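Okay, structure first, notes after.
The values are calculated or read from the model by the stated rules, or taken from the named source; none is laboratory data. This structure is a prediction, so every number in the text was calculated from the model and none was measured. Here Cβ is always computed from backbone atoms with ideal geometry, including for glycine, and neighbour counts include all displayed protein chains. Each accessible area value is taken on the protein alone, full model and side chains, heavy atoms only, with ligands, DNA and RNA left out. Shrake-Rupley method; radii C 1.70, N 1.55, O 1.52, S 1.80 Å.
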Amino acid sequence: QVQLVESGGGLVQPGGSLRLSCAASGSGFSIYTMAWYRQAPGKQREFIAFITSSGSTNYADSVKGRFTVSKNNAKNTVYLQMNSLKPEDTAVYYCNAVLSPARYWGQGTQVTVSS
């Protein structure tokens, strides 16, 4: 069992940056694939980025070049560095841990990009 707690969301102006954190409790963090998703009002949850146990990463086209996912196994934490934020990045951001077939979600953190 893994519990995930996201933090770091908030209000930021267009062009600004935020770093989200996702702290995991429970065992086996280093072997999970960790991912970030987001859900804007009235829209489906969408994939943003993932990082595998070996450190390989992948990004949605909408954030490629602006967002960076990383992790610190010693701190059981995954990060999402978000730069050049746009109003369309406004959403609740969720952390996800996968070790098939198990899948866990955090409660989400709100990111609002507005002037």
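Here Ser62 passes the criteria (1) touching a Lys or Arg at 6+ places or on another chain (Cβ under 8 Å); (2) within 18 Å of Gly15 (Cα to Cα); (3) exposed (fewer than 15 other Cβ atoms within 10 Å of the Cβ) except the one numbered (1). Only one of the numbered conditions (1) at pLDDT below 95; (2) closer than 21 Å to Val5 by Cβ is violated by Ser100, and that is (2).
For the stretch 18-38, the set of residues classified as open to solvent by 60 Å² or more (accessible area, probe 1.4 Å) and in contact with a strand residue (DSSP E or B) (Cβ under 7 Å, 6 or more places away or on another chain) consists of Arg19, Ile31, listed by residue number. If you go through the stretch 39-57 and keep only what is closer than 28 Å to Ser114 by Cα and open to solvent by less than 30 Å² (accessible area, probe 1.4 Å), you end up with Ala40, Ile48, Ala49. Annotation for the stretch 54-68: no member residue is closer than 19 Å to Gly106 by Cα and aliphatic (A, V, I, L, M).
Note on the stretch 72-115: among residues that are open to solvent by 30 Å² or more (accessible area, probe 1.4 Å) and touching a helix residue (DSSP H, G or I) at 6+ places or on another chain (Cβ under 8 Å), the one that is farthest from Gly26 (Cα to Cα) is Ser114. Does Val5 meet the test of being closer than 21 Å to Thr90 by Cα, open to solvent by 30 Å² or more (accessible area, probe 1.4 Å), among the β-branched types (Val, Ile, Thr) and in contact with a strand residue (DSSP E or B) (Cβ under 8 Å, 6 or more places away or on another chain)? Criteria met by Val5.
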